[in-house]
Structure formats: C-alpha cells, structure tokens
Amino acid sequence: MNESMEAGMEQYLTAGAAGAVAGLGVAVPLGAVGVLVLQQAMRDRRAGAAAGAAVAVVDAGYAALATAVGPLVAAALAGVEAWVRLVAALVLAVIAALGLLASRRPAPAGTTGTAGTETAAPARVFVRFAALTFVNPTTALYFAALTTAQGDTLRGGAAGAVFTFGVFAASLLWQQTLVVAGGFAGPRLPDRARVWTFRAGYGLVAGYAVTVALPLPAL
C-alpha cells in the first residue's frame, strides 16, 4: 500500500514538474503577447496583472485540452493547418492595426496612463488578452505536441490535472514578473518613449501575424 502511494505521489510530482517546465517553455520566450503584457503594466499595473492572468488562464486551458484530446485535434487538423494559421494571422493583424491606430489618438483630458492610450478596465483587458492568446496557434500546437509525446502518462485523470495546474502556476508567475517589471519601468519613462514602446509592441504583433501566416495555403 505504501509503495503504491509513493508511486502515485511520484507520478503527480513528475506531472506537476513537467507542467511547470511546459508553462515556462511557452511563456518565457518574450514574443508579441509578452511585450504587450509589459506595455499594459507600464500603462496601469492592475490592468497589467489582469492581462498576465488572462495569458496564464488560456495557457492552462490549452494544456487541459491537449491532455484530453491533443492527439485527436492534431489528427483532425491534418491537411488544413495552413488555413488555421491564416485565420489566426488575420485576427492578429486586426489587433495590431487597432492598437497602432489607438496609439495615434491623444489621451482624453483627465485620464491617467500612457500618452496616446486610455487606461482600460482590468476586466476588458483580461478579455482582450485572453482572446489574443487564444488565437495564437503556436500555443495550441505546442501543448498538443508535448502531450502527444508524453503518451498516456498525462492524458486525463489526476496526473493531467496536476500537469495543467503546473502549467498555470508557472505561466502566471512569469507573466506577473513581467507586470512587476513593466510597472517599475512605466512611471520612469517619458510619455513619448512610452508611446513608441506601445507602437513597437503592436508592430511586433503585426510581424508575428506575417510569420504565422507563412507559408500561405495552396489554393
């Protein structure tokens, strides 16, 4: 009985550690979303915390889905991956265009936050960043490939839940680290410099959209 309990505990610890590594693996590379989390924290730390939480929630959601149906999803998308990437790229391009346009508008009188951008409510920021992370095909494919490689070890059951929690905890910790860094740097940057960092961030989103879209699907 004790050996069985020890084996089960070891399995859960392994699954949790694997989830933490997976969460850091998808979060630490500072791509477009990470840059935008930093920028949101520079504008408003509370909204930045909401943005980071949204990214972690979606990461965990993809991990949970992948542990359950990752191999089935990969098989279902076989042959149409290019079209899925193209749709995601179009969504990212729209987000980038809206962000760049918003950065050109003067801030309304009496608002706080960065020049050229009005401070947003944390709930709205959460929804926006959840959507931005959700349409990132790299995250979905990352977890699908990872959980498929793990075989039956993580698929379903308690081990899958522990793995998903590890992903969430690691991703949330990293995103909130970015929020602290952005909140520290934001008040110390001149308004003009902050405006250009926001434009650079949305420019990175636009560039990422092009990267996601290529190669284009064959007609």
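Throughout, read-outs are computed from the coordinates displayed, never taken from laboratory work. Note that the coordinates shown come from a computational prediction; the quantities given were computed from them, not determined experimentally. With ideal geometry, Cβ positions are generated from the backbone for all residues, glycine too; neighbour counts draw on all protein chains shown.
Length gained on full extension, VAL87 to LEU13: 22.8 nm, using 0.36 nm per residue less the C-alpha separation.
Estimate the FRET efficiency between VAL94 and ARG46 by the formula 1/(1 + (r/R0)^6), using the beta-carbon distance for r and 22 Å for R0, to the nearest 0.05. Using R0 = 22 Å, I get an efficiency of 0.25.
Between LEU24 and ARG104, the distance separating the two model label sites (each 7 Å from Cα on the Cα→Cβ line) works out to 4.3 nm. Treating r as the C-beta distance of LEU65 and LEU214 and R0 as 41 Å, the FRET efficiency rounds to 0.95. If R0 equals 25 Å, the separation of the Cβ atoms of ARG124 and ARG199 corresponds to a calculated FRET efficiency of about 0.75. Modelled spin-label separation between VAL80 and LEU173, with each label point placed 7 Å from Cα along the Cα-to-Cβ direction: 3.9 nm.
Within 15 Å, Cβ to Cβ, of GLN176, how many net charges do the neighbouring residues add up to if Lys/Arg are +1 and Asp/Glu are -1? Once all neighbours under 15 Å are counted, the net charge is 0.
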